[in-house]
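Student: Provided herewith is a single structure, encoded as structure tokens, for subsequent inquiry.
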Amino acid sequence: MAAETEHPDRKAQKLIEEADSDSRTRVYSGAMAWIVSAVLVGFALFQIWANLTGTLGAIKLRTAHIMLLLPLAFLLYPTYKKECRRRSLPPVWDILLCAAAVYCFAYILRRYDALAKTGRLNDTDVRVGIVCLLLCFEAARRTSGNLAVIALVFLSYFALWGRWVPGAFGTAAFTLKRVIKSLVWDTIGILGTGSGVSATYIFIFVLFGSFLKYSGFSQFINDISLTLVGRTPGGPAKVSVIASALMGMINGSAIANVATTGTITIPLMKKTGYKKEFAGAVEAVASTGGQFTPPIMGAVGFVMAEFMSVSYTKVMLAAAIPAFLYYLGLLWSVHLEAKRLGLSGLAPENIPRAAEVLKARGHLLLPLILLLGMMFAGYTPLYAAILAIFLTVPVSWLRRETRMTPRILLDAVLEGARGAIGVGVSCVIIGVIIGSVNMTSLGVNFGNLILKVVGEGQLFLGGLMVMVMSIILGMGVPGVAAYVIVYAVAVPVLRGVGATEMAANMFCLIYACLSNITPPVAMSSYVASGIADSDMTKTSLIAIKLGIAGFIVPFFFLDNPVLLYGSTEGVGAGATAYAFVTACAGVLALATALSGLPTEKAPGRVTALRLATRALLAAAGILFIKPGLVTDLAALILIGAEILFSRLTLRGAGTV
């Protein structure tokens, strides 16, 4: 009974702490609380200043970022899971770890320029490098858990046992100095791309999301979603889909999004009449998709643009159609389930008027409009995001109910800085993985092995292997970190079998994100099932069914990237529009095959489909999704044959 009467917010917090070590933080009291808050505010101000002015070089910015990041991780994250987190002072060992982190990375700041000229490490450089690696692993153990273990496996392969592996996967016998130089002092290790994106895009956009949240933007999203779909059959579930998608693309954490929006949407769905497993699955799928949904894509899009050396606008446009198809399939499945259960929408008195919502909170859209407008105008995403942060505060003052007071402003800064720590440490430790892969040529060797197994040009077989790899590597890892890991290992494989660069990156990103709803780990499904009091396995399986478009569509843009708008030279808007329309039809057919179909005998209801009908609809759906006139005609023939057969069967039975 205790679990049933527990407040949903407290229950969600417990669940997310069990599933995600990134959410288990200490709560200080007294003077220490003020000290930690001051450091967090200083961290945020430093990041804004450094990214706005650009006076620091890339390496110095990354080093200073880690020098602030690691001490905060040691102060805020407990040493072990059951440690008492309410305390007035940190343990002595954490104070020592903080001091060691500041000293070692300050040493790198002072020494790096001289070392860059000579390229030779002395004994002190090696010792400092060893301590830096140990500090990064300890911080990652506390904040990321599984990711630290993965990084340790890659490091041990690079430094220890790789030399004993026979065949193509064997490595040279690297010396300790070579390992430390590569992983600490070069730009392929902890000072590489991972820490670079953490010090720039991730921190700024996490902070921006926090400002939007505290300005009342979350309530605006919920209210506007109610006005759009609240009155339709199964309205609460559709509200959950739209609200979770919008919030998920801003905060970039599917698990955190389930815990925040799910405490409201899941009980409301259950109260409306949805089964608890279905309610939990809807929230898990909706929150997961936000990580690859434009315009913000949970900051992953900016990382992808950086890796491919293209504008973010190009990445955003390429992601638009796959994200739309993902949510179209989810919304249609929710609608069919509502029809099957005979559910109605919310009562009109529970639906706010659109005009009133826009009048009360519509001004909160201005920072997002500024952000998108500046990016389309050619300004850098960082510059646009920082100005959007500054604009959020005065915009909130336009209405009394959204006004950000100094206390609210401080809370926004603290939550934003705190929220960037776990993801930031993950990105730093990913440098160990990337450095190990690069130094040992593991990615190239793995790609060559797959090429030998599947053969050149075998996109679907290569994609199948990469899909499994991406889901495994993405399990229990934040969206940005999951993509960075997969990028280092899996993208070269897809490029080797003939995929375009954009298609390969988008493919790996989507499947790394979908690991949140894929058993056996399925972190998003775990948290959602806990809130819904449902069976996790059933919730995860339903989530896979609801998110089926996300598992299928990427295979088709591997072969023909026409569904990735603007990613392929020579493909016009007309061809993309045609492929988009037929893909929409395919997603709807596929979702119908898995859910059911409205019948003439029982208007407003959904009946279970015959196995043959399900098979024909599923086949037609897949043919529609695959771009091409021949496959579209084949899909139409299948659907026409099924309609004709069904009518003849009904006439023969005397029911028509």
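Student: Among the residues in the range 565-574, are any at pLDDT 80 or above and either under 22 Å from G289 (Cβ atoms) or charged (D, E, K, R) (or both)?
Tutor: yes
Student: In the range 130-156, what residues are more than 25 Å from I108 (Cβ to Cβ), part of a helix (DSSP H, G or I) and either touching a residue at least 40 places away in the same chain (Cβ under 8 Å) or over 25 Å from the mean Cα position of the chain (by Cα) (or both)?
Tutor: N146
Student: Quick one: F154 ticks every box in (1) under 30 Å from A33 (Cβ atoms); (2) among the aromatic types (F, W, Y); (3) crowded, with 22+ Cβ neighbours inside 10 Å except a single one, so which number is it?
Tutor: (1)
Student: For R400, which of the numbered conditions (1) over 28 Å from the mean Cα position of the chain (by Cα); (2) more than 30 Å from V229 (Cα to Cα) fails to hold?
Tutor: Tallying (1) over 28 Å from the mean Cα position of the chain (by Cα); (2) more than 30 Å from V229 (Cα to Cα), R400 fails exactly one: (2).
Student: Any idea how many residues of the range 376-394 are among the aliphatic types (A, V, I, L, M) and modelled with pLDDT of 90 or more?
Tutor: Number of matching residues: 6.
Student: Of the residues in the range 123-132, how many are under 20 Å from L75 (Cα atoms) and either of a type in the set (S, T, N, Q) or crowded, with 22+ Cβ neighbours inside 10 Å (or both)?
Tutor: Matching residues across the range 123-132 total 1.
Student: Still on this structure, please answer the following. When you scan the range 216-223, do you find a residue that is farther than 19 Å from P294 by Cα, surrounded by fewer than 24 Cβ atoms within 10 Å (Cβ to Cβ), over 15 Å from the mean Cα position of the chain (by Cα) and free of Cβ contacts under 8 Å to residues at least 40 places away in the same chain, even just one?
Tutor: No: zero hits.
Student: Are any residues in the range 227-242 surrounded by fewer than 23 Cβ atoms within 10 Å (Cβ to Cβ) and either acidic (D, E) or assigned to a helix (DSSP H, G or I) (or both), and if so, which ones?
Tutor: Residues satisfying the conditions are T227, L228, I242.
Student: With the range 243-318 as the region, which helices (runs of 4 or more DSSP H) entirely inside it contain at least 1 residues that are of a type outside the set (V, I, T) and out of contact with any Ser or Thr (no Cβ under 9 Å at 6 or more places or on another chain)?
Tutor: Passing ranges, in order: 254-272, 300-308.
Student: A follow-up question, please. If you take the residues in the range 82-111 that are part of a helix (DSSP H, G or I) and under 18 Å from W34 (Cβ atoms), which one is farthest from the chain's Cα centre (by Cα)?
Tutor: Only one residue tops the list, namely I95.
Student: Also: Here is a list: G424, G342. Which entry is at positive phi and outside the structural domain of H65 (by TED's automatic domain parsing)?
Tutor: Sole residue among the options that is at positive phi and outside the structural domain of H65 (by TED's automatic domain parsing): G342.
Student: Only one of these is in contact with a strand residue (DSSP E or B) (Cβ under 6 Å, 6 or more places away or on another chain), hydrophobic (A, V, I, L, M, F, W, C) and not assigned by TED's automatic domain parsing to the domain that holds L61: L409, L336. Name it.
Tutor: The unique qualifying residue is L336.
Student: Continuing with the same structure: On the basis of being modelled with pLDDT of 85 or more, more than 25 Å from L364 (Cβ to Cβ) and surrounded by fewer than 22 Cβ atoms within 10 Å (Cβ to Cβ), does K271 make the cut?
Tutor: No.
The values are calculated or read from the model by the stated rules, or taken from the named source; none is laboratory data. The shown structure was predicted, so the numbers you read here are calculated from the model rather than taken from an experiment. Note that each Cβ is placed from the backbone with ideal geometry, even for glycine, and that neighbours are counted across all protein chains shown.
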